[in-house]
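Following: one structure in structure tokens, then a few remarks.
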Amino acid sequence: MAKTNFDYLKTVDKNLYEIIIDAERLYRGEFFEQCMGQTRRFGEHLCRKVLGSNRTNEVTFDEMLATLKDKSNHSEQEKEFIDDLYFLKKQGNLSVHSKSVTKNATTALECLQRAFEAGINYSVFYQKEDSEILKLRYDTELLITGNQSKKSLSEKYIEAKDKATKSSKKKASAKKPQKPKPQVTSMNSVPIKTGISRFWIIVGIFMLVALITVIYVLV
């Protein structure tokens with residue numbers, strides 16, 4: 001069988017392991033809503049096992065979660081565990097009762113990651129497994145391809161950041177400032193007019209005629 005993110009559960013609880021690897025298969029098949037429903041089922045079984053003898057008349061997931069919360073010792077680890085179970089219950093219910101298929105891959109992936117964390121808490125703090133399990137991190141590459149990633153999450157982050165920086169530098173260098181084009185202005189010089197204009201010549205003639213007429217009348 002191919003390696004999975006939940007292999008640590010094989011020796012802890014075979015039934016829980018089978019339930020959750022079915023959720024991973026559904027995710028790979030892009031059945032995201034069904035995947036969320038299966039992670040809810042995983043959370044409910046997990047809650048029932050943790051309650052153990054403390055369970056009385058609780059039947060539903062809601063009732064078991066309420067009892068688990070009441071009996072909590074309020075440690076950070078237990079708070080995270082209960083928060084993860086509430087998340088799985090809520091998203092599982094939404095996926096089951098949704099009127100339309102949403103194909104929400106992001107939420108389905110978060111459900112798997114929360115189930116992973118809850119499973120680790122259950123293994124270490126309730127089943128007293130080796131605390132080395134706490135160092136495990138959910139591997140999305142393993143989920144999709146079945147091959148474990150050779151790089152840690154921090155290494156992937158640094159690599160992605162370096163690529164983004166190089167890309168932004170390339171874009172900046174590609175946008176070289178353009179040299180301003182010399183402004184070309186074309187002006188035709190207007191020749192300066194010299195001599196007497198036609199208008200004043202005509203005016204002069206009329207004045208001369210008028211003067212001659214006046215002299216003639218007076219004489």
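The values are calculated or read from the model by the stated rules, or taken from the named source; none is laboratory data. Keep in mind it's a predicted model, so treat the numbers as computed, not measured. Ideal geometry is used to build each Cβ from the backbone, glycine not excepted, and the neighbour counts take in all protein chains shown. Just the protein is used for accessible areas: all its heavy atoms, side chains included, with ligands, DNA and RNA removed. Shrake-Rupley method; radii C 1.70, N 1.55, O 1.52, S 1.80 Å.
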Item to check | Residue that is nearest to Glu44 (Cα to Cα), among those in segment 60-73 that are open to solvent by 80 Å² or more (accessible area, probe 1.4 Å) and at pLDDT below 90 | outcome: Lys71
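If I filter segment 17-38 down to residues being aromatic (Phe, Trp, Tyr) and open to solvent by less than 70 Å² (accessible area, probe 1.4 Å), which single residue comes out as nearest to Asn5 (Cα to Cα)?
Tyr17
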Checklist entry - Before we move on, is Lys103 assigned to a helix (DSSP H, G or I) and surrounded by fewer than 21 Cβ atoms within 10 Å (Cβ to Cβ)? => result no
Checklist entry - Any idea which of Lys176, Lys103, Lys166 is basic (Lys, Arg), touching a Phe, Trp or Tyr at 6+ places or on another chain (Cβ under 6 Å) and either under 29 Å from Lys10 (Cα atoms) or at pLDDT below 95 (or both)? => result Lys103
Checklist entry - If you take the residues in segment 39-55 that are in contact (Cβ under 8 Å) with a residue 24 or more places away in the chain and not charged (D, E, K, R), which one is surrounded by the most Cβ atoms within 10 Å (Cβ to Cβ)? => result Thr39
Next on the checklist: Looking only at residues that are among the aromatic types (Phe, Trp, Tyr) and buried (at least 18 other Cβ atoms within 10 Å of the Cβ) in segment 112-137, which one is nearest to Lys79 (Cα to Cα)?
Outcome noted: Tyr122
